[in-house]
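First the structure, in the form of C-alpha cells, and then the observations on it.
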Amino acid sequence: MEKNDLSSELDKAAEWNDSFSMQMQRPAINLVQGLTMNAQLLQSIKLMELPIVDLRERIEEEIEKNPALEITEDRSTVSIDDTAKHRKEEFDYFEATSDSGFVSRGGEEAADEQHRFIEGSLSRSETLQEHLLWQLRLAPVDAEIRRIGERIVQNLNEDGFHKEPLDLLLKTENPKKISRALKLVQSLDPQGCAVCNYQESLRVQIGLLPDQPEGIIEALDHLEILERGKIAEAAKILNRTEDEVKNIFERIKDLSPFPGRGFSSADTRYVVPDVRVIKKDEEFDIIINEEEIPVLGINPFFMKISGTKDSRETRDFARENIREARWFIQSINDRNHTLLKVTRAIVVFQRDFFVNGPRHIAPLTQRDIARELGLNESTISRTANGKYVETEWGIFELRHFFTNSISGVGSGGSKHSKAGVMELIREMVQGEGKGFSDQELADLLARRGIPLARRTVAKYRKELDLGSSYTR
C-alpha cells in the first residue's frame, strides 16, 4: 500500500471497526484476507490514539516482539553537540524509516528546539504532604510529637482534611501529645489543614490571625447571607454596623476554606507536548516533538536473509517480520502526519486564540476539522485524544480547542465559545478587586454581549474549580 493512501485507509478502518459483525457473513477466504489487512489497520488506529509517552512504550513493546524492527537512533539520549551532525543523516533517509522528517533544522536552532520541548514538559510539583512534612521536620519539638504529626499529615486528603477520624487513627496515642501535634500541623503553611471540614478550617485560620476583628467567628455561621451580599441583614443578626460586617467579610475572603488545593494531588503526572506552535511575525510554525520518538528501521540481517536461497520457512519468517515492521513504521509516520494536519487546521480556525490568548477561543467542533481535512470525525477524535500542544499561552490538550458555542447578543449561538467565556470568568475572578457574586459576574458578562443566567455562571465557575465569592 502506498504511504499517501494510509490516511484514507485508516478512515475506512474506523468505520469497519464498528461493523465487524457484517464481515463475519462474508465467504471464509475473503474473511481471512480481510482480517489480515484489518488487523494492521486497527493497529494503525491504536497508534493514532497514543500520546507521545505511551507511543514510546508501545514502540519498545513492538521491538521486543519483532526482531526485524530496530532503533537506528534514540534522539532523547543524543548529545546536543551531536544534533547538527545527525540532522543531515536523518534528512537523507527519513522516508525509509520512522523519522517524521518534519523539522530539518540544524545547529543551535535544533538544539534549542530540543531544550524547549524538555522545558515544556510539566513536571511533578510538591505535594501537600511533602510541604507539611518538610516544615514538621524542622519544627523544634520532641521526636514523639513529630512522629504523631507525621501520621496526621499522611492522613490528609487533597483538601487538607482528615481521611480517617483521629480517634481511630491515633487511638493508642497520648491525648495530650495528639493535641500538641494537631495544633502544630494546623499552624504550618498552609494554615488550617488537619481539620474535618472547611468550616473548621476557617475557624482554625481565624484563631491564628494576629488581629482578628470582633464578631468574625460568629459571622462564619452566616456565610450564605454574606455571600448573597445581604450586608444589612447580616449586620442586624450580628449586631454590628454595616462597615464592621464588610470588614469581617473581607477578612474571611482572605482565608482559604480548602487549604490543600494549592498543592498537587497524587494524580499529578508528567505531560510531554506532542506538538509545538510557535508564532513568528504573522505566521505560525508547527513542530512535531520528534525528540521523544526513536527513529526505527529494518534490521539489515533480516533484509539479507529475506532474499537468500535459505529454506522457505526462514525466508517467509524474515519477510513476514519485515512486512510488519514496515507497516509499524509507516503507521507512526502517518500518526505524525495526521497530527500535524489536524494541529495546522486547529491553528487556522483558532487563530485569535494563538494570537491574543485563551479568552479568544472560538466555537469549534471536530466535525468542522473533519470536513476541512476530508477525514472521518472519529479520526479527528483519535488524533486529538490525550495529545498536548505547547503554545506561548501554555500547554493545552488538543481537545481544549473543540468547544461548543453559547448564546450571545446577535450571535445566534455561534459567536462565543463555552471555553472562551469560562476563561473570561476566570480572569474576572482572579483579577477582581472585590468578591464578585455569580449575579455580578452574570451582569458583567451581559455588558460584554454575553447574556448568561446566574446558575449558568455558577456552573461554569464550579467547573473552573473557583470557589464562591466568600471562599475567595
Multiplying the sequence separation of residue 365 and residue 301 by 0.36 nm and subtracting their Cα-Cα distance, what value in nm do you get?
18.2 nm
Between the DSSP loop rule and a limit of at most 14 other Cβ atoms within 10 Å, which GluC sites (Glu not before Pro) in the range 177-247 are left?
214
Please give the net charge around residue 133, taking every other residue with its beta carbon less than 10 angstrom from that of residue 133, where Lys and Arg add +1 and Asp and Glu add -1.
0
First measure r as the distance between the Cβ atoms of residue 443 and residue 236, then evaluate 1/(1 + (r/R0)^6) with R0 = 25 Å and state the FRET efficiency to the nearest 0.05.
0.45
Label-point separation, residue 208 to residue 455 (7 Å along Cα→Cβ), nm
3.8
Cα-based Kirkwood hydrodynamic radius, the range 196-266, one decimal, Å:
12.8
Rounded to whole Hz, the Karplus (6.51, -1.76, 1.60) HN-Hα couplings of the range 321-326, x for glycine and proline:
5, 5, 4, 5, 5, 5
Whole-Hz Karplus ³J(HN,Hα) for the range 162-172, in order, using 6.51 cos²θ - 1.76 cosθ + 1.60 and θ = phi - 60°, x for Gly and Pro?
5, 7, 10, x, 5, 5, 8, 5, 10, 5, 9
Quick check for you: with a 1.4 Å probe and neighbouring chains kept, what is the accessible area per residue of the range 182-301, in Å²?
51
P(r), alpha carbons of the range 195-337 - 10 Å bins starting at zero, rounded %:
9, 20, 13, 10, 11, 13, 9, 8, 6, 2, 0
Points 7 angstrom from Cα along the Cβ direction at residue 154 and residue 323: gap in nanometres?
5.7
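What FRET efficiency comes out for residue 314 versus residue 385 if R0 is 45 angstrom and r is the Cβ-Cβ distance? Round to the nearest 0.05. Kindly include the intermediate steps, with their values, before the conclusion.
Details: r = 41 Å, r/R0 = 0.91.
E between residue 314 and residue 385, to the nearest 0.05, is 0.65.
The values are calculated or read from the model by the stated rules, or taken from the named source; none is laboratory data. In this text, all values refer to a predicted model and were calculated from it rather than measured experimentally. All Cβ positions, glycine included, derive from the backbone under ideal geometry; neighbour counts span all protein chains shown. Surface accessibility is based on the protein's heavy atoms, side chains included, excluding ligands, DNA and RNA. Shrake-Rupley method; radii C 1.70, N 1.55, O 1.52, S 1.80 Å.
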